[in-house]
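The values are calculated or read from the model by the stated rules, or taken from the named source; none is laboratory data. This one's a predicted model, so the numbers in the text were calculated from it and none came from an experiment. Here Cβ is always computed from backbone atoms with ideal geometry, including for glycine, and neighbour counts include all displayed protein chains. Accessible surface areas use protein heavy atoms only, side chains included; no ligands, DNA or RNA. Shrake-Rupley method; radii C 1.70, N 1.55, O 1.52, S 1.80 Å.
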Amino acid sequence: MLSTRIQSGKTKMSETQFSRLSNLHAVNSSGSKSVCVRSAKSGLKSTLILTHCSYLDRDSHRSADGEKRTSQCATGVFKGRVTSVQAAFREFGCEQTLLSRPDGSASFVQGDTSVMAGVYGPAEVKISKEIYDRATLEVLVHPKVGLPGVRERSQEQCVRETCEASLLLSLHPRSSLTLVLQVLHDDGALLSCCLNAACMALMDAGLSMSCLFCGVTCAISADGEIITDPTAAQEKESRALMTFAIDSKERRVMMSSTKGSFSVHELQQCVAASQKASEKIFQFYRDSVRRRYSKNL
């Protein structure tokens with residue numbers, strides 16, 4: 001299931017064109033992974049080549065704002081123009097089973113951005129919201145201060161569509177699932193942090209899922225540099241902001257939320273960089289759950 005939320009006034013793409021971006025993969029003779037997309041109008045072919053760089057602690061470095069970030073490099077070739085993409089992450093942190101009343105809970109931290117999630121259900125559903133062949137999923141996003149607004153409603157829709165594509169809701173017909181996300185602090189990449197917190201909370205609740213998912217946010221600066229996991233200051237200075245939900249099985253794009261103006265080539269670069277960067281988050285998922293259960297044994 002693919003859900004797109006493209007709000008750019010400069011870029012116009014159909015869902016069919018966008019969905020092909022995550023499916024057209026090839027491996028060249030050197031072992032590098034490439035993404036090839038051919039334009040339907042001009043027939044021109046663009047290729048994005050990702051170099052294999054491991055996420056090791058010794059490769060960590062300090063960014064300009066003093067935060068420890070882990071990085072990798074991607075090189076893109078578009079119409080003879082070579083660009084560089086720096087895929088860097090702030091430090092991750094996660095803790096599960098924080099709350100006693102929800103059936104599953106988790107907190108997720110990306111740098112200074114922090115979100116707490118709680119899952120309730122399966123439980124009894126109101127007759128007006130009952131669906132006879134699957135469970136009803138409700139997502140609530142609460143800001144740090146004040147009441148939810150338009151931004152929170154948009155985030156709720158993105159998280160709900162991603163969770164519905166991942167959860168096996170048909171196993172719980174005529175019931176309800178409620179996911180509550182509480183923003184503790186926002187320092188950039190809030191939507192991706194909400195997606196990661198939601199996935200960890202769903203795992204803690206023990207709900208059946210077809211795949212895991214993670215969120216990756218990319219920002220395009222004024223000079224065209226692509227920054228993954230941007231801070232609030234970097235988001236404010238950027239001309240485009242994109243958040244992708246990536247699945248754990250085939251690294252396909254499950255959901256996309258974009259803001260600002262960007263070219264088709266920049267969108268292709270961000271999709272490919274997000275797919276490659278998602279490996280870091282899924283590895284963190286595995287390490288976090290392994291550490292949790294190893295202590296209980």
Q: Would you mind telling me which numbered condition in (1) open to solvent by 20 Å² or more (accessible area, probe 1.4 Å); (2) over 17 Å from Ile227 (Cβ atoms); (3) not acidic (Asp, Glu) Lys259 fails?
A: (2)
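Given the structure, is Leu168 over 16 Å from the mean Cα position of the chain (by Cα) and open to solvent by less than 10 Å² (accessible area, probe 1.4 Å)?
It is false that Leu168 is over 16 Å from the mean Cα position of the chain (by Cα) and open to solvent by less than 10 Å² (accessible area, probe 1.4 Å).
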(Q) Just the residues that are part of a strand (DSSP E or B), small (Gly, Ala, Ser) and open to solvent by 20 Å² or more (accessible area, probe 1.4 Å), please, taken from the stretch 115-153. (A) Ala123
(Q) Pairs please, first residue from the stretch 227-249 and β-branched (Val, Ile, Thr), second anywhere and part of a helix (DSSP H, G or I), Cβ atoms under 7 Å, 6+ apart in sequence or on different chains. (A) Ile227/Gln234; Thr228/Ala273; Thr228/Ala277; Thr243/Leu191; Thr243/Ser192; Ile246/Ser274; Ile246/Gln275; Ile246/Ser278
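Being β-branched (Val, Ile, Thr), outside any helix (DSSP H, G or I) and in contact (Cβ under 8 Å) with a residue 60 or more places away in the chain is the filter; apply it to the stretch 160-199 and report the residue that is nearest to Gln234 (Cα to Cα). Even if it seems obvious, please write down each step before you answer.
If we filter the stretch 160-199 for residues that are β-branched (Val, Ile, Thr), which is where we start, we get 162, 178, 180, 183.
After this cut, where a residue has to be outside any helix (DSSP H, G or I) as well, the list is 178, 180, 183.
Subsequent filtering for residues that are in contact (Cβ under 8 Å) with a residue 60 or more places away in the chain retains 180, 183.
On the way: Val180: 28, Val183: 19 Å.
Checking each candidate, the answer is Val183.
Answer with yes or no whether Glu279 is open to solvent by 30 Å² or more (accessible area, probe 1.4 Å), in the same structural domain as Tyr120 (by TED's automatic domain parsing) and either not charged (D, E, K, R) or not in a loop (DSSP other than H, G, I, E, B) (or both).
Details: open to solvent by 30 Å² or more (accessible area, probe 1.4 Å): yes; in the same structural domain as Tyr120 (by TED's automatic domain parsing): yes; either not charged (D, E, K, R) or not in a loop (DSSP other than H, G, I, E, B) (or both): yes.
Criteria met by Glu279.
Of Leu179, Leu195, Leu212, Leu202, which residue is open to solvent by 30 Å² or more (accessible area, probe 1.4 Å), in the same structural domain as Lys249 (by TED's automatic domain parsing), at pLDDT 95 or above and hydrophobic (A, V, I, L, M, F, W, C)? Quick ask: steps written out before the conclusion?
Numbers: Leu179 fails: open to solvent by 30 Å² or more (accessible area, probe 1.4 Å); Leu195 fails: open to solvent by 30 Å² or more (accessible area, probe 1.4 Å); Leu202 fails: open to solvent by 30 Å² or more (accessible area, probe 1.4 Å).
Checking each option against the conditions leaves just Leu212.
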Q) Got at least one residue in the stretch 240-254 being open to solvent by 10 Å² or more (accessible area, probe 1.4 Å), of a type outside the set (S, T, N, Q) and over 15 Å from the mean Cα position of the chain (by Cα)? A) no
Q. Which ones in the stretch 91-114 are open to solvent by 70 Å² or more (accessible area, probe 1.4 Å) and not hydrophobic (A, V, I, L, M, F, W, C)?
A. Glu91, Glu95, Thr97, Ser100, Arg101, Asp103, Asp112
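Any chance the stretch 254-271 includes a residue that's touching a Pro at 6+ places or on another chain (Cβ under 6 Å), over 21 Å from Cys163 (Cβ atoms) and not polar (S, T, N, Q)?
Keep residues of the stretch 254-271 that are touching a Pro at 6+ places or on another chain (Cβ under 6 Å), which gives none.
Scanning the stretch 254-271 turns up no residue that is touching a Pro at 6+ places or on another chain (Cβ under 6 Å), over 21 Å from Cys163 (Cβ atoms) and not polar (S, T, N, Q).
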